[in-house]
Amino acid sequence: MYIEFRTRRLQKCYEERRAAQSAWGEDVARKYVQAVNLLKAVDHPSHLKTYPQFDYESLTGNREGEHSLKLGYRERLIFTVRKGGDALIARIEEVSTTHYGH
C-alpha cells in the first residue's frame, strides 16, 4: 500500500527516529516505524493478520472504517484505507493510547 500521514508530526516521527523516541519512547518508536514499513509492504489490510505481533484489528462502532496495529502495551497505530487508482492508500491517522492495555 502507499502511505500518507494525517499530520506532518506523524510523518516526521516516521522519518526521524529521535522525534518518535521523544513522542513515545524507544520501544513504541521502533514498532511505529516497523508498522508503517509493514503497511507499505502489504497489498491489503487483511494481509496484516499474518503478523500476530501487531494484533491487527478492523475497528467497529464509532471508529468503523479505521484499523489498528498494536505498538506497545497501551499504544496502537490508527489508520484508514482508501482506493487510489489501482492501489490502496493507508493514511496514518494517529498513535492512540488505550486505557485498558489492548
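The values are calculated or read from the model by the stated rules, or taken from the named source; none is laboratory data. On a predicted model such as this, the values are computed, not experimentally measured, just so you know. Positions of Cβ are generated from backbone atoms using ideal geometry, with glycine treated the same way; all protein chains shown enter the neighbour counts.
Which residue pairs have Cβ atoms closer than 6 Å, lie 6 or more positions apart in sequence or on different chains, and pair a first residue in region 46-57 that is over 17 Å from I89 (Cα atoms) with a second residue that is aromatic (F, W, Y)?
So the pair list comes out as K49/Y56.
Counting just the residues of region 37-92 that are of a type in the set (D, E) and under 15 Å from M1 (Cα atoms), which one comes out modelled with the highest pLDDT?
Filtering region 37-92 for residues that are of a type in the set (D, E) and under 15 Å from M1 (Cα atoms), the one modelled with the highest pLDDT comes out as D43.
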